[in-house]
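Notes follow once the structure below has been shown.
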Amino acid sequence: MNRVSLCQLTVETGPPLGDSLAAGMLRLISAAAGAGFAAVVPRVRQPPGLGAASRNDNRPLDVEEVRRRLADTGIGVASVMSFWITPEMVPAEFESTLDAAAGIGAQSIQVVCRDPDSGRSLANFSRTCAMARARGLKVALEFMPYSSVRSLSEASAFLLRAGQKNAGLCVDALHFHRSGSSLGELKALDPAALVLVQFCDAPRAAPSADRLRDEARSGRLYPGQGELPLHEFFDALPPGYLIDIEAPCAADAALPAEAKARNAAAAMAAFLAEHASIRENAGNRKGRHDAAR
């Protein structure tokens, strides 16, 4: 049975809320608990390039308040967002957010590389991994078709070059399909290389290249409500792996976080039930075929 976590982006769909990262995190934890999730993937840093309303909130996170909410609800922290390696960044700016991630009990951090200078990107990624390792954190490298590490094969090669023992992959279903990565590549992965799996649905046809980030941030669908071959994707994953629902759905943008969390949970439960039924029927057909031989 897969444990399921709720990503903050799923409940953030719509205009920026304008409050602190801590307030958003507390709201996520409560919404996840109310919808029956086992864990969350909250935001400890804002991603770059989203305008003044979403600048990094550098105020110290009230770690103790977050820890109390986690303890009260029984929710765990699977990973945290968003650590972007860009040309202008220096790893030292991650210090306080890495401390916050460790302080709330995160298992890993998500890192995206968006620097065309591969040598600099690799050096800054490796330094970030070392800083995370000192705090007991794994690093999940997330490939995106609009980043400088664009696909599963590129991410695997990047990690091999980096040689960081606490680093592995974040495989997002949307980015996996939009990048042209293959199920064969996914099946061939050492399960130990997977740090985080993120799940959603989408139309089969991709938007134009300049709209891929917009789709990723606000144009996804809940699992089972689109056209991606998710059952095949799910079968290619290690059994029992934790699945993080990252599905900011435009149709639900105006709903409160609690309602979005319930909708995401219901969609994932329906997908898992359908998947079990499909595999059971396939097994029965194989059994009848073997018996007839």
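The values are calculated or read from the model by the stated rules, or taken from the named source; none is laboratory data. Computed from a predicted structure; not experimentally measured. Quick reminder, even Gly has a Cβ in these numbers, built from the backbone with ideal geometry, and neighbours come from all protein chains shown.
Here's the yes/no breakdown for (1) touching a Gly at 6+ places or on another chain (Cβ under 6 Å); (2) at pLDDT below 95; (3) in a helix (DSSP H, G or I); (4) under 26 Å from residue 128 (Cβ atoms):
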residue: 17; (1), (2), (3), (4): no, yes, no, no
residue: 24; (1), (2), (3), (4): no, yes, yes, yes
residue: 37; (1), (2), (3), (4): no, no, no, no
residue: 50; (1), (2), (3), (4): no, yes, no, yes
residue: 58; (1), (2), (3), (4): no, yes, no, yes
residue: 96; (1), (2), (3), (4): no, yes, yes, yes
residue: 106; (1), (2), (3), (4): no, no, no, yes
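Figure legend. Inter-residue proximity from region 155-172: first residues within 18 Å of residue 144 (Cα to Cα) and in contact (Cβ under 8 Å) with a residue 40 or more places away in the chain, second residues β-branched (Val, Ile, Thr) and outside any strand (DSSP E or B), beta-carbon distance below 8 Å, spacing 6+ or different chains. Indicated pairs: 158/149. Within region 108-131, if we keep just the residues that are in a helix (DSSP H, G or I) and in contact with a Leu (Cβ under 8 Å, 6 or more places away or on another chain), the residue that is surrounded by the fewest Cβ atoms within 10 Å (Cβ to Cβ) turns out to be 131.
Going through region 87-118 one residue at a time, which ones are β-branched (Val, Ile, Thr) and more than 17 Å from residue 155 (Cβ to Cβ)? Selection gives 90, 97, 104. Summed over region 242-276, residues that are under 17 Å from residue 218 (Cα atoms) and of a type in the set (D, E, K, R) total 4. Among the residues in region 203-213, are any within 17 Å of residue 81 (Cβ to Cβ) and touching a residue at least 12 places away in the same chain (Cβ under 8 Å)? Checked against the condition, which is being within 17 Å of residue 81 (Cβ to Cβ) and touching a residue at least 12 places away in the same chain (Cβ under 8 Å), region 203-213 yields at least one hit.
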